[in-house]
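Note sheet for the following structure.
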Amino acid sequence: MIPNIFRQCNHIDFDRYFLTEVMSAIYPDDFNYSYYDYSFRFRNDDLISITSSWRSFARIILVILLRIGFVLIHIGSVPVNNVNLILLQNIIDFCWVTIVYALVGIVIAYTGDIKGLLGEGHWIGDEIVDKDEIIIGWSAVSIAAAILTCGIVGRTHTIGYLIIGFLLAGLVQPFLIHWIWTPQGWIRTNVLLQQEVYFHDYGGSAVVHLVGGLSGFIGCLTLGRRILRLDAIDDASIAVGSAGTVFAGQLFVFIGLQSLGMLNIQALRFEVKTKTQKNIFVNNLLAASSCSLLVVAFHFFIPREEFNHWTVMRCVQATVAGLVVISAGLDIYSPMMAIGLGTTGSIIFYLVSRQVFNSALEDYCNIVAIHLVCAILGSFLVPLFCINEHDEVRTILLNFMWQLICLVTIIAFVAITMILAFGTLHHSGLLRNRSEYLNHLRANVAEGRTRRKSLLERLFRADRDPVYLQPGTSFGESL
């Protein structure tokens, strides 16, 4: 009978016969698919599979470009004589967080849910694990690790570097990914005063930028100073070509951060969002451009602002700051909202970056202003724009309160973990490498020649003409 069917029908007719006749005869009670239901379902699933694979491949390429950008930024900004040390620590960081996340992080982040707190313990070798989903979390972990690296690259001991990377990729971010980016996460959806509330973080404002920026900031504070102010670095200390290297690095970072604009929340993965995706990338362009243009204008119109290497770098960094400001609500903003938020972010970024520049905090890559402060600002503002036409005032206020509660919780979670980690490494002698230890010692000697100041005075009220020491100065010259 079957051979006759093959001769008389094409393959589509045979599929219809097989589904409607043979399968219904074998499973008369259970089989209820029509041919057209099966055909649509099969083709839709096949399309989703192909789309997910290409999306994952594109995400990997973008993240690698971003990591290359951060390496260029480190080489052009961080005053470390041995460039090979920067390159080595970057490749160690990239590979280490990838392995840690794959073996430990995904067990917590994805595949199932236990009371909204963590996954069901499936490891990467289980067939049930969605490999495309793993790439989503990996991109967040890799980007946050790159941001953290900006604050400690070239300064930490290798063992300390590995321990901090393990905590970030194996514990801190996987928990946040599950809490915020999975449908069952307790932060993403919860009930407050008998009202369902939501935490909005589409593009990783909290999961990526806040985690990386806050961790790098704590690392900078714990490591302490090598010089007394960032602006104490003279022109002779800036290598020829550094400006071009940093400029190219920031552009690579700008390109790589587009990976966070791709669909990354599990509940939305299988929805067709063609128009939304176009708006997302348009929003990125508009926010980055408006933020950078205003920062350039500030440098031209504000008096006594010298236009030099550091101010030019600040104008370039503003493009990334604009992306960070809108990252939390990237999917809901209109183009005009993106311009408005980019403008608002430019003011905050400019003021904070100038304050950091004149302080004793050695934030050479400006991660505090770009990633930490702008991420907090973006997460704070997003509930004001997540308003539907039929939402009551009570609903709006409760969603805003929940956003703030969760934001404070995330900051506390990351800060406590990293303070304990960096503090333990500091007291155990595993935080600084040898050259960093000597540079820190020289700075302490120089500081001892002046009156003792409080922590806030040392950070934000440094003398205009202090005794300072460049990293790499010989010990005899320092004394």
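The values are calculated or read from the model by the stated rules, or taken from the named source; none is laboratory data. Source: prediction; values computed, not measured. Ideal geometry is used to build each Cβ from the backbone, glycine not excepted, and the neighbour counts take in all protein chains shown. When the accessible area is computed, the model is the full protein with side chains, heavy atoms only, and any ligands, DNA or RNA have been set aside. Shrake-Rupley method; radii C 1.70, N 1.55, O 1.52, S 1.80 Å.
Applying the criteria of a DSSP loop state and at most 16 other Cβ atoms within 10 Å to the trypsin sites (Lys or Arg not before Pro) of segment 304-375 yields Arg304.
When ligands, DNA and RNA are left out and all protein chains stay put, how many square angstrom of accessible area per residue does segment 330-443 have with a 1.4 Å probe?
Per residue, segment 330-443 has 44 Å² of solvent-accessible surface.
Segment Val408..Thr189, full-extension length gain: 77.2 nm, with 0.36 nm per residue of separation and the alpha-carbon distance subtracted. Accessible surface of Phe175, taken over heavy atoms with a 1.4 Å probe and every protein chain present, rounds to 50 Å². In segment 167-226, carbon and sulfur make up what percent of the accessible area (probe 1.4 Å)? C and S fraction of accessible area: 60 percent. Rounded, prolate or oblate: which one fits segment 55-195, using the alpha carbon gyration tensor with axes a ≥ b ≥ c (rounded when a/c is under 1.5, else prolate when a/b beats b/c, else oblate)? Because a/c hits 1.5 or more and a/b exceeds b/c, segment 55-195 counts as prolate.
Label zone of His426 (point 7 Å out along Cα→Cβ, amide N under 12 Å): in segment 156-196 this covers no residue at all. Expressed as a whole percent, the accessible surface of segment 302-368 that belongs to carbon and sulfur atoms is 67, based on a 1.4 Å probe.
Roll a 1.4 angstrom probe over the protein heavy atoms and tell me the percent of accessible area of segment 379-436 that is carbon or sulfur. The value for segment 379-436 is 69 percent carbon and sulfur by accessible area. Which of the three applies to segment 293-439, rounded, prolate or oblate, going by the alpha-carbon gyration tensor with a ≥ b ≥ c and a/c under 1.5 meaning rounded? Oblate is the answer for segment 293-439, as a/c is 1.5 or above yet b/c matches or exceeds a/b. Using the 1.4 Å probe convention, the accessible area of segment 98-142 works out to 43 Å² per residue with neighbouring protein chains retained.
Between Trp54 and Leu103, the FRET efficiency estimated from the beta carbon spacing at R0 = 30 angstrom works out to 0.70.
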